[in-house]
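First comes the structure, then the notes that go with it.
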Amino acid sequence: MKSIVKLMLIVSAFFFATGVNAQEKKTIQTATIKTIIYCNHCKACETCGPKFNQALLKEKGVQMVVLDDKAMTIKVTYNTKKTDLAKIKQAISKLGYDADEVKADAAAYEGLDGCCKKA
């Protein structure tokens, strides 16, 4: 009888632990978003560089932004409890840049410096 109770306790503990782990979700994620960058000096450019990073860092939940102008990617680290990838891509679009499948907002694109637009 005692062995059956012990077995039931062990099985219950296993299912409880498994259930808790399944519910825990990684809250900090990093995503690499493909974009198109026409400027060859984006990191120093007033439009693309610091202004771009500052604008994205103001988005709720965004913790880090790394613009790679050579690979034409934006690596974003964010808190999934505060934002999601769709919102981040939309924020990038509103800055005038493509973000994977989300195309750049036309009005924002027109507001970019001439060096940041397709020649």
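Here, each number is a calculation from the coordinates, and none is a lab measurement. Bear in mind that the values here come from a model prediction, so they are computed numbers and not experimental data. All Cβ positions, glycine included, derive from the backbone under ideal geometry; neighbour counts span all protein chains shown.
Given points 7 Å out from each Cα along the Cα-Cβ axis, report the Lys117 to Asp68 separation in nanometres with one decimal.
Reported label-point gap for Lys117 and Asp68 is 2.9 nm.
5 Å is the cut-off here: which amide hydrogens, built 1.01 Å from N in the peptide plane, fall below it relative to Met64, excluding neighbours closer than 5 in sequence?
Answer set, sorted by chain and number: Thr77.
Each residue of the stretch 54-69 in order: what ³J(HN,Hα) in whole Hz does its phi give by Karplus 6.51 cos²θ - 1.76 cosθ + 1.60, θ = phi - 60°, with x for Gly and Pro?
So the Karplus estimates, Gly and Pro as x, are 4, 5, 5, 5, 6, 5, 4, x, 7, 10, 8, 9, 10, 8, 10, 5 Hz.
Taking Cα pairs under 8 Å and at least six residues apart, what relative contact order does the stretch 59-119 come out at, in percent?
On the way: 72 pairs, mean separation 12.5, N = 61.
It comes to 21 percent, rounded to a whole number.
Estimate the FRET efficiency between Lys26 and Lys51 by the formula 1/(1 + (r/R0)^6), using the beta-carbon distance for r and 35 Å for R0, to the nearest 0.05.
Once the sixth-power term is evaluated, E becomes 0.70.
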